[in-house]
Amino acid sequence: MRTRVFNRLLSVGQPCWVVLPGFLLLATSALRAAPHVVGYERFHAGTPTAAGGAVLFSELGCANCHGGSAVVVPRQGPNLVDLAKRVDRDWLATFLRDPESGRKGSNMPMVVDGLADDDLHAILSYLGTLGKNVNLKTGKHANAERGSALYHEKGCVACHAPTPDFHPPHAPEDLKTSPLAVAHPDFKAKTTFAALQAFLESPSTWRPDGRMPHVPLEGQEAADLAAHLLDFQDSDPGNAGKLKPWPKSEAKAVARGRELVAKLNCAACHSLPEVKAAPLRSIPAAKSGPHDCLSSEPVPGLPHYRLTESQRESLVAFLAAGGSGDDPHGRITLAAMNCYACHDRDGTGGPTPETNPFFVGDEALGDSGRLPPPLTGIGFKLQPAWLKGVFTGAEGSRIRPYLKTRMPNYPAHAAELADWLERIDARPDAKSLVDDSANLEAGRKLLGIVGGTNCITCHTWGEQRSLGIQALDLSSLDKRLRPEWFRSYLLNPAEYRPGTLMPPLWPGGQATVRDVLEGDTERQIAAIWSFIRDGEGVPEGFPDRTSGLYELVPSDRPILQRTFFEGTGTKAILVGFPGGVNLAYDGSGARPAVVWRGAFFDAYQTWYSRHAPFEKPLGDRATIVPETGAETGRRFRGYRLDEAGNPVFLFEEGGREVSERYSVADGRLERRLTWSEGSAPVVTHPEGVAVDSKGEGMSLTFIYSWK
């Protein structure tokens, strides 16, 4: 029988070191994998370096006991409140004995392996009293398939492994999982649906150090994502398993547990009520031998990691260099917080070959339309208030809606991160814009397509969609960007983002538009900035849509228009009838999809945009026609027009030919179906309209009218 002995000679305030017979700890240690620190494994594991040691010194918690971290946001352990409502007690007991059992590559050291069972029970008793007995709630619905799409598109797989059955578009058939992927714990053994949903809704509540960042999720998304992670296939979260109640804590055990937690110095990493961390302890200069925390063998009284030789040598190199907390270029912090998983900075980082295919968005914009932007000089690029807003997730701070990956928030550290980036990226020698605020009209012209630089061909302007691909909005650049950065970027876009679709409009510093402001590059760039900041109206070249120039208005005969349409899809056939009744027919499912009254359709985007959006009805009172469920067996065969121009849609279903003729009379929509053999096709009707029907032979007629 294994004996567990706690060293009662440890005084209050010592770090979380545990004494136990060496052979016992050795036996357990041999079963553990090395701690997995992504920023170290990616950039430093091959050749041990002091910089790699700096990453480990922070992320393994060494700095929490000894100070001297180079990482701007200190590494912390998770919030331990309300554990009795969130975590299975048996799972936690096993995890405390051996962190590797809870998550492969765990960064938590072995600290309680030698505790007597009664002492571990006391610690759990104390932990079970923390918090306010929170009442975790779930929604009424969950969909694991939607959760899988979220998990693989919103950025989770930048850090974690994808599920084996998911294959992203454009990925090679032999796509492998990145060795850098951070393992998940066994969620089913550890927690419940309600607790996991609450965690996903607000990760920063439970992981305040941002290593699990706060990814913004909307409404139903947290429940769907929890269903995916738990492989919960039921649609009702109320049917999910519940947490086994923790035993009632006895006052004596709670007091004993609090005492042990203090002696183990758990407060060095975790925020604990009424328990303070021990004072920081300096590291003797000669300490890197077999009798300290870096020993390859367990040392009685010290925490133990099963470090690789590379990790150990990197930590030794860091200490030998004086344990400097300097990080002048931000590389150590960005590696520690794994920002490099999504972003590159100065040519370092960005998605790996294994994770790159999971970053999706608007392919018309190239990589800029699917990959997060570089962090190169970001503190010089963005206005301080805007940068802070990005980290807090302020409303309006998401300016690239075409990116599926979502920028996470760091609300507890937003000001600290923004100030830090501004400090390390400061460019006091950057050349300022010239003062040319009087030339607003020159700026309007330069932004436009009438003798300008054609910016609005690719960029939106407020509510105005661009004339081509839909790149980010220019109208509020002055709120986001520093003018000095704006100038340097326009002179050489590729220097900031190699491979960008943004052309060099002033190649070599020379203007391509020579008849505006005498071809003076500096004045032209300043004029553009001035119009963005102070100008009124829009750049030259946007069509006048207020006049209704592109509105299709049926008069004597119906009008048909192919387009992308909301509620219908990419193969929508719109029909506008004289009299103000309109129909959107789904050419993919061979069915009516939307019916509306009033104005028909504005064709500008469909006719002129290279990246046409999903359009909406111009009129009001749009009603949806529910799907029948039989559409998967249909084959659309096109349409023809009768003598009056009314459409007759044709499809095959179950070996028979079916036609649907639509017409309008006296403000009512008539739908007439005929078929070649067998019973009548299954049909559904627009919601909220009156339906009269009559049938004869292999023909059915429905009359739709509005009250």
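Go through segment 664-676 and count every residue that is among the polar types (S, T, N, Q) and more than 17 Å from residue 590 (Cα to Cα). Going through segment 664-676 one residue at a time, the tally reaches 0. A count restricted to segment 503-556 and to residues that are loosely packed, with under 13 Cβ neighbours inside 10 Å, of a type in the set (Lys, Arg) and within 30 Å of residue 601 (Cβ to Cβ) stands at 0.
Given (1) in contact with a Gly (Cβ under 8 Å, 6 or more places away or on another chain); (2) surrounded by 17 or more Cβ atoms within 10 Å (Cβ to Cβ); (3) assigned to a loop (DSSP other than H, G, I, E, B), identify the lone condition not met by residue 453. Every listed condition holds for residue 453 apart from (1). Summed over segment 344-361, residues that are within 23 Å of residue 380 (Cβ to Cβ) and either of a type in the set (Gly, Ala, Ser) or surrounded by 21 or more Cβ atoms within 10 Å (Cβ to Cβ) (or both) total 3. Listed by position, the strands (runs of 3 or more DSSP E) inside segment 570-630 whose residues that are closer than 26 Å to residue 679 by Cβ, modelled with pLDDT of 85 or more and in contact with a strand residue (DSSP E or B) (Cβ under 9 Å, 6 or more places away or on another chain) number at least 3 are 581-586, 591-597.
Residue-by-condition table, conditions (1) out of contact with any Pro (no Cβ under 9 Å at 6 or more places or on another chain); (2) more than 28 Å from residue 416 (Cβ to Cβ); (3) among the acidic types (Asp, Glu):
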| site | (1), (2), (3) |
| --- | --- |
| 210 | no, no, no |
| 229 | yes, yes, no |
| 238 | yes, yes, no |
| 249 | yes, yes, no |
| 252 | yes, yes, no |
| 265 | no, no, no |
| 273 | yes, no, no |
| 276 | yes, no, no |
| 292 | no, yes, yes |
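Would a scan of segment 495-503 turn up a residue that is of a type in the set (Gly, Ala, Ser) and without any contact (Cβ under 8 Å) to a residue 60 or more places away in the chain? No, because not a single residue in segment 495-503 is of a type in the set (Gly, Ala, Ser) and without any contact (Cβ under 8 Å) to a residue 60 or more places away in the chain.
Of all residues in segment 375-409, exactly one satisfies the criterion of being assigned to a helix (DSSP H, G or I), touching a residue at least 60 places away in the same chain (Cβ under 8 Å) and among the charged types (D, E, K, R), namely 381.
Only one of the numbered conditions (1) more than 21 Å from residue 76 (Cβ to Cβ); (2) in a loop (DSSP other than H, G, I, E, B) is not met by residue 184, and that is (1).
Need at least 3 residues that are touching a residue at least 60 places away in the same chain (Cβ under 8 Å) and surrounded by 13 or more Cβ atoms within 10 Å (Cβ to Cβ) per element, so show me which strands (runs of 3 or more DSSP E) inside segment 666-707 make the cut, counting only ones lying wholly within it. I'd like the intermediate steps shown before the answer.
Numbers: elements: 668-675, 690-695, 699-705.
Strands (runs of 3 or more DSSP E) meeting the threshold: 668-675.
Among the residues in segment 442-449, are any among the charged types (D, E, K, R), surrounded by 20 or more Cβ atoms within 10 Å (Cβ to Cβ) and farther than 28 Å from residue 425 by Cβ? Among the residues of segment 442-449, at least one is among the charged types (D, E, K, R), surrounded by 20 or more Cβ atoms within 10 Å (Cβ to Cβ) and farther than 28 Å from residue 425 by Cβ, which makes the answer yes. Out of 559, 573, one residue alone is free of Cβ contacts under 8 Å to residues at least 60 places away in the same chain, crowded, with 16+ Cβ neighbours inside 10 Å, out of contact with any Ser or Thr (no Cβ under 7 Å at 6 or more places or on another chain) and not acidic (Asp, Glu). It is 559.
Among residues that are under 36 Å from the mean Cα position of the chain (by Cα), within 30 Å of residue 618 (Cα to Cα), crowded, with 20+ Cβ neighbours inside 10 Å and hydrophobic (A, V, I, L, M, F, W, C), residue 583 is not included.
Selection of segment 360-385 for residues being hydrophobic (A, V, I, L, M, F, W, C) and out of contact with any strand residue (DSSP E or B) (no Cβ under 8 Å at 6 or more places or on another chain) yields 360, 364, 371, 380, 385.
State the number of residues belonging to segment 653-665 that are among the hydrophobic types (A, V, I, L, M, F, W, C) and surrounded by fewer than 17 Cβ atoms within 10 Å (Cβ to Cβ). Working first, answer last.
Applying the first criterion (among the hydrophobic types (A, V, I, L, M, F, W, C)) to segment 653-665 yields 658, 664-665.
Now drop any that are not surrounded by fewer than 17 Cβ atoms within 10 Å (Cβ to Cβ), which leaves 665.
Result for segment 653-665: 1.
Scanning segment 353-368 for residues that are assigned to a helix (DSSP H, G or I) and of a type in the set (A, V, I, L, M, F, W, C), which turns out modelled with the lowest pLDDT? Steps first, answer last, please.
Pass one, segment 353-368, residues assigned to a helix (DSSP H, G or I): 356-358, 363-368.
Within this subset, residues satisfying the condition of being of a type in the set (A, V, I, L, M, F, W, C) are 358, 364-365.
Working: 358: 96, 364: 84, 365: 87.
Here the answer is 364.
Where helices (runs of 4 or more DSSP H) sit wholly within segment 460-521, those with at least 1 residues that are under 17 Å from residue 430 (Cα atoms) and out of contact with any Lys or Arg (no Cβ under 7 Å at 6 or more places or on another chain) occupy 483-491, 493-496.
If we only count helices (runs of 4 or more DSSP H) wholly inside segment 75-179, which ones have 1 or more residues that are without any contact (Cβ under 8 Å) to a residue 12 or more places away in the chain, closer than 30 Å to residue 354 by Cα and among the polar types (S, T, N, Q)? Walk me through how you get there before you give the answer.
On the way: elements: 83-86, 89-97, 99-102, 117-127, 144-153.
Answer list for segment 75-179: 99-102.
In the condition set (1) farther than 26 Å from residue 259 by Cβ; (2) in contact with a Gly (Cβ under 7 Å, 6 or more places away or on another chain), residue 45 is compliant with all but (2).
Could you tell me whether any residue of segment 410-420 is of a type outside the set (Lys, Arg), in a loop (DSSP other than H, G, I, E, B) and either buried (at least 20 other Cβ atoms within 10 Å of the Cβ) or assigned by TED's automatic domain parsing to the domain that holds residue 473 (or both)?
Checked against the condition, which is being of a type outside the set (Lys, Arg), in a loop (DSSP other than H, G, I, E, B) and either buried (at least 20 other Cβ atoms within 10 Å of the Cβ) or assigned by TED's automatic domain parsing to the domain that holds residue 473 (or both), segment 410-420 yields at least one hit.
Scanning segment 341-352 for residues being in a loop (DSSP other than H, G, I, E, B) and in contact (Cβ under 8 Å) with a residue 40 or more places away in the chain gives a total of 3.
The values are calculated or read from the model by the stated rules, or taken from the named source; none is laboratory data. From a predicted model like this one, the values you see are computed outputs, not experimental measurements. Please note: Cβ atoms are built from the backbone with ideal geometry, for glycine as well, and neighbour counts cover all protein chains shown.
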